[in-house]
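Engineer: Below: one structure in structure tokens.
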Amino acid sequence: MSQVVFLVHYHEIGLKGKNRSSFERRLVDNLKAALKDEQIEMVGRISGHVIVRMPGSSTQQQRERVYARVLATPGVARVSWCQCCELDPRQYCLAAWEELSKSGDFTSFKVHARRSNTVYPKTSLELNEEVGSYLCDRFPDKKVQMHDPDRTVVVYVIQGSVYVYVNSEQGVGGLPVGSAGKVISLISSGIDSPVASWRIMRRGAVVLGLHFSGRPQVADTSEWLVQDIIERLAPAAGFGRLYVVPFGDIQRRIAASVPADLLVLMYRRMMFSFACRLAKVENAKALVTGESLGQVASQTLENIMVTDECATLPVLRPLIGNDKREIMADAQRLGTLDISNEHAADCCTLFMPRTPETHCSLRKAHAAWEQFDHEAMLDEMMGLLEYRSFDCPAYAAPRALPHVHRELAPARFEMASVDSSATAEASDR
């Protein structure tokens, strides 16, 4: 009797040599986290693949939902919707007929059979002939075509079972989250930074979001939109934690101290400086931003150099060569565009100059930087820090933060206070 399974193919993981098994285990753990709310019989490794097995009682809707989540998990190159059969010609030939029958209209097909080992006595060529002959008898009006057929029926013998499929869809690819360390992503509720975060997540990094809120100068709406964005990306299991800094009062004090045209650059220097401090606590290895070259005044080469000077870690900019239309297309595909299009006042709209500096020199930036006590402000921001953890199996939280911090309430608009002892206990965990 056959059973529905999803056969997960990977690409880059297979090139990792002796480290391949650790990448496979990480991918299995991430798939389990992504599917924790679904009815799954098992997720495990088999020869050169990962399988997700659905219970026989699962509905078509449940299967489609699981299939979509598996496709969205970094490290997954391709997913095949299979029937898993015993080593019985009657079973796998029937499965091949069923899969081809429900694959839609076609005029030509071929059979591609392979074995992962030689335990099964029939060769790949014999399997091709056996299944192909069976299908020709049942589809007498269809043409067998070896090159560029409309449909390919795959019959794959792996570890004592036969996996039969026609439909196979491309996944997001990349590497499993947790295989490339931690990064701090400066994330807003806008369009760009969520896409940048996802691109780095797809390369195997655990992403720790850092959001600079305009609170208390403006409402906290942007904080909730950022949480909605992270939850939309949750199937990738790549966000370990979201940190939020109420930045509004700090901005107000900076605005009273420096020339108006340099405000944005001073804000960004503070953000980069604070992100590097937080990275030390989290043992993160890089910063991530959603900057695109020349998109706004702060993203010219000169101004990027001014802000990067404050960073003690590499700054990754995965969108640096993309235009806005390309970024919006990615956001639409990820499902974050509608959230990002919701209006929310945040720190980016506070105390903004009418004519910001577009080509600032380091000398001019240094003079403005010394006009306010940035070190004291950074200490103050660490004391204001709030956070919310997400379900990421690869994320290991720091044993303790330098101070006791409030935890962002997971339920919308419930900013409940956490008493000091409870928060300290949570931080120690």
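The values are calculated or read from the model by the stated rules, or taken from the named source; none is laboratory data. Quick caveat: nothing in here was measured; it's all calculated off a predicted structure. When we count neighbours, we look across all protein chains shown, and the Cβ atoms used for this are built from the backbone with ideal geometry, even at glycine.
Engineer: Within region 348-360, can one find any residue that is surrounded by 20 or more Cβ atoms within 10 Å (Cβ to Cβ) and assigned to a helix (DSSP H, G or I)?
Structural biologist: no
Engineer: Could you say which residue among Val172, Val226 is buried (at least 24 other Cβ atoms within 10 Å of the Cβ) and within 25 Å of Ile327 (Cβ to Cβ)?
Structural biologist: Of the residues listed, the single one that is buried (at least 24 other Cβ atoms within 10 Å of the Cβ) and within 25 Å of Ile327 (Cβ to Cβ) is Val226.
Engineer: Do we have Arg115 as under 27 Å from Arg325 (Cβ atoms), touching a strand residue (DSSP E or B) at 6+ places or on another chain (Cβ under 8 Å) and either surrounded by fewer than 23 Cβ atoms within 10 Å (Cβ to Cβ) or outside the structural domain of Ala219 (by TED's automatic domain parsing) (or both) here?
Structural biologist: No: the conditions fail for Arg115.
Engineer: Scan the helices (runs of 4 or more DSSP H) fully inside region 256-342 and keep the ones with 2 or more residues being touching a residue at least 12 places away in the same chain (Cβ under 8 Å) and small (Gly, Ala, Ser).
Structural biologist: 263-282
Engineer: Take Cys93 and tell me if it is buried (at least 17 other Cβ atoms within 10 Å of the Cβ) and touching a strand residue (DSSP E or B) at 6+ places or on another chain (Cβ under 8 Å).
Structural biologist: No: the conditions fail for Cys93.
Engineer: Sort through Ser292, Ser213, Ser257, Ser197 and tell me the only one that's within 30 Å of Thr355 (Cβ to Cβ), assigned by TED's automatic domain parsing to the domain that holds Arg333 and touching a Leu at 6+ places or on another chain (Cβ under 8 Å).
Structural biologist: Ser292
Engineer: Looking only at region 118-165, count how many residues are surrounded by 12 or more Cβ atoms within 10 Å (Cβ to Cβ), farther than 25 Å from Gln3 by Cβ and either in contact with a strand residue (DSSP E or B) (Cβ under 7 Å, 6 or more places away or on another chain) or not assigned by TED's automatic domain parsing to the domain that holds Cys93 (or both).
Structural biologist: So the answer is 7.
Engineer: Report, by residue number, each residue of region 140-158 that is out of contact with any helix residue (DSSP H, G or I) (no Cβ under 7 Å at 6 or more places or on another chain) and either in a strand (DSSP E or B) or closer than 21 Å to Gln83 by Cβ (or both).
Structural biologist: Matches in region 140-158: Lys142, Lys143, Pro149, Asp150, Thr152, Val154, Tyr156, Val157, Ile158.
Engineer: Just one of (1) crowded, with 19+ Cβ neighbours inside 10 Å; (2) in contact with a Lys or Arg (Cβ under 9 Å, 6 or more places away or on another chain); (3) among the aliphatic types (A, V, I, L, M) trips up Leu313, so point out which.
Structural biologist: The failed condition is (1).
Engineer: Based on what the data block shows, is Ser189 within 14 Å of the chain's Cα centre (by Cα) and of a type in the set (S, T, N, Q)?
Structural biologist: In short, no.
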